[in-house]
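*Asks:* Got a structure for you, written out below as structure tokens; questions coming shortly.
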């Protein structure tokens, strides 16, 4: 009788009972302790996937609309897109410029270089105080945040890990949002398979796989987008190129982007 090996598989494991994160919380400590309490051990090669929201909360990256004074520029733009001028002011502060707009939508190049709606700013899953509105901004430097989490989790667990900070973003020509990596540590986000052969000997000439976004999308399915309360997920068994990594390497250079508008429709004055 032959020995049958288990088929290849990837495990996606949520760490339960992550509390509501507050500014100043020790996020790696909370992740490690919650995993241990649930009987989930970290293993070499695990990718720890963390939502942007709890990283931003821990880093205090929030702003209250009542504390925002809109500029004349924000007031003018808000009238065009039918948004609160204070919200538009925050978006402009976090952006290089507006790429496209319509009523109720601003697509910008944010200060991280990501093309997204409203600079990645939102108010979902954020505790609100009365009638005031608290907005959550993206981390100041998601790559640095990922490196910090990875270093501390590595010290606590003694394991070789990778960390992704992810957000849900839309994509051109496709409906719906999905999880994508905005911060990377411990892995190279892109897997270059140029020069490798397929099943029939055809040599790949241009194929580069975005492994970070693939892992982010897998984790995002388990995390959910509304009331699931599963902001930290372990992806185990995924192959990826090891290395220091950076989410900035995912961004396509403007000169290579055939679909980027030529310049901003609303010039960035804050960058």
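The values are calculated or read from the model by the stated rules, or taken from the named source; none is laboratory data. Source: prediction; values computed, not measured. Because the Cβ atoms are built from the backbone with ideal geometry, glycine has one as well, and the counts that use them run over all protein chains shown.
*Asks:* Tally the residues that are out of contact with any strand residue (DSSP E or B) (no Cβ under 8 Å at 6 or more places or on another chain) and crowded, with 18+ Cβ neighbours inside 10 Å, restricting the search to segment 155-181.
*Replies:* Total meeting the criteria: 1.
Yes/no per residue for (1) modelled with pLDDT under 95; (2) assigned to a helix (DSSP H, G or I):
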residue	(1), (2)
66	yes, yes
101	yes, no
107	yes, no
125	yes, no
128	yes, no
131	yes, no
135	yes, no
147	no, yes
150	no, yes
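*Asks:* Sort out which residues of segment 194-224 are surrounded by 14 or more Cβ atoms within 10 Å (Cβ to Cβ), outside any strand (DSSP E or B) and in contact (Cβ under 8 Å) with a residue 40 or more places away in the chain, and write them in order of number.
*Replies:* The answer is 212, 215, 216, 218, 219, 220, 222, 223.
*Asks:* If you don't mind, another one. Condition check: outside the structural domain of residue 179 (by TED's automatic domain parsing) and in contact (Cβ under 8 Å) with a residue 24 or more places away in the chain. Does residue 66 satisfy that? Reasoning before the result, please.
*Replies:* On the way: outside the structural domain of residue 179 (by TED's automatic domain parsing): yes; in contact (Cβ under 8 Å) with a residue 24 or more places away in the chain: yes.
Answer is yes for this residue.
*Asks:* All but one of (1) touching a helix residue (DSSP H, G or I) at 6+ places or on another chain (Cβ under 7 Å); (2) surrounded by 21 or more Cβ atoms within 10 Å (Cβ to Cβ) hold for residue 191; which doesn't?
*Replies:* Against the list (1) touching a helix residue (DSSP H, G or I) at 6+ places or on another chain (Cβ under 7 Å); (2) surrounded by 21 or more Cβ atoms within 10 Å (Cβ to Cβ), residue 191 comes up short only on (2).
*Asks:* Could you check, for segment 182-193, whether at least one of its residues is at pLDDT below 95, outside any strand (DSSP E or B) and touching a strand residue (DSSP E or B) at 6+ places or on another chain (Cβ under 7 Å)?
*Replies:* yes
*Asks:* Can residue 169 be described as in the same structural domain as residue 50 (by TED's automatic domain parsing) and at pLDDT 95 or above?
*Replies:* Values: in the same structural domain as residue 50 (by TED's automatic domain parsing): yes; at pLDDT 95 or above: no.
Answer is no for this residue.
*Asks:* Let me ask something else. If you check 170, 179, which single one turns out to be in a strand (DSSP E or B) and under 24 Å from residue 20 (Cα atoms)?
*Replies:* Values: 170 fails: under 24 Å from residue 20 (Cα atoms).
Just a single option satisfies the conditions, and that option is 179.
*Asks:* I want to confirm something. Restricting to segment 86-99 and keeping residues that are assigned to a helix (DSSP H, G or I) and surrounded by 20 or more Cβ atoms within 10 Å (Cβ to Cβ), which single residue is farthest from the chain's Cα centre (by Cα)?
*Replies:* Going residue by residue through segment 86-99, those that are assigned to a helix (DSSP H, G or I) are 86-93.
Next, only the ones that are surrounded by 20 or more Cβ atoms within 10 Å (Cβ to Cβ) stay: 86-92.
Details: 86: 24, 87: 21, 88: 22, 89: 22, 90: 19, 91: 17, 92: 20 Å.
Only one residue fits best here, namely 86.
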